[in-house]
Ligand code: FES
């Protein structure tokens with residue numbers, strides 16, 4: 001497909017702005033609308049997705065505002081490869097993986113984790129924040145830009161109620177699974 005570079009660039013810039021991509025505080029991915037529903041029924045996943053979308057919008061968390069210059073970005077993932085006890089939901093950069101993310105559980109994740117900065121331990125089965133990648137090649141210009149960028153408020157390790165110590169055999173199994 002032939003692309004018009006100028007209009008593509010304009011469209012990309014427009015979407016970066018309209019989606020608030022440079023002001024994302026957290027990214028929530030939910031297994032939904034699966035090609036092969038394994039962790040839950042397709043309908044259950046779609047109910048959860050609709051709830052997540054609606055509530056982020058209602059609470060004005062999906063767009064940066066003057067009072068809150070950061071936003072929560074959401075993505076419908078076809079399958080997050082855990083394929084059990086779904087819908088599966090993961091929150092980055094915190095790296096918190098949730099099971100059974102029904103609308104009811106999503107409401108708790110929104111209120112307690114996304115707003116209150118406290119992991120919903122009843123449903124978290126793994127906490128694995130991605131390590132800082134200081135080995136990745138990054139140009140000086142990009143590095144300077146990143147350093148100068150005004151970061152939205154981030155969750156701090158002190159604020160995270162860690163669930164590193166498994167409290168149930170079920171959680172232990174998943175932790176082992178993810179650590180390979
Ligand atoms: S089908 Fe939901 S994680 Fe794979």
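How many residues does region 42-54 hold that are surrounded by fewer than 19 Cβ atoms within 10 Å (Cβ to Cβ) and in contact with a helix residue (DSSP H, G or I) (Cβ under 9 Å, 6 or more places away or on another chain)?
Pass one, region 42-54, residues surrounded by fewer than 19 Cβ atoms within 10 Å (Cβ to Cβ): 42-44, 46-47, 50, 53-54.
Filter again for in contact with a helix residue (DSSP H, G or I) (Cβ under 9 Å, 6 or more places away or on another chain), leaving 47, 50.
So the count comes out to 2.
Selection of region 15-50 for residues being under 17 Å from residue 71 (Cα atoms) and out of contact with any strand residue (DSSP E or B) (no Cβ under 9 Å at 6 or more places or on another chain) yields 15, 16, 17, 18, 22.
Before we move on, is residue 53 modelled with pLDDT of 95 or more, over 26 Å from residue 131 (Cβ atoms) and in contact with a strand residue (DSSP E or B) (Cβ under 8 Å, 6 or more places away or on another chain)?
Values: modelled with pLDDT of 95 or more: yes; over 26 Å from residue 131 (Cβ atoms): yes; in contact with a strand residue (DSSP E or B) (Cβ under 8 Å, 6 or more places away or on another chain): yes.
For residue 53, the condition - modelled with pLDDT of 95 or more, over 26 Å from residue 131 (Cβ atoms) and in contact with a strand residue (DSSP E or B) (Cβ under 8 Å, 6 or more places away or on another chain) - is met.
Scanning region 19-36 for residues that are buried (at least 20 other Cβ atoms within 10 Å of the Cβ) and within 12 Å of the ligand (Cβ to nearest atom) yields 30, 31, 32, 34. The C-beta contact set for region 66-81 (first residue more than 20 Å from residue 20 (Cα to Cα) and touching a residue at least 40 places away in the same chain (Cβ under 8 Å), second residue within 16 Å of the ligand (Cβ to nearest atom) and not in a loop (DSSP other than H, G, I, E, B), distance under 7 angstrom, 6+ apart or interchain) comprises 79/31; 80/29; 80/31; 80/90. Screening residue 79 against (1) more than 10 Å from the ligand (Cβ to nearest atom); (2) closer than 20 Å to residue 123 by Cα leaves a single unmet condition, (1).
The values are calculated or read from the model by the stated rules, or taken from the named source; none is laboratory data. Bear in mind that the values here come from a model prediction, so they are computed numbers and not experimental data. Please note: Cβ atoms are built from the backbone with ideal geometry, for glycine as well, and neighbour counts cover all protein chains shown.
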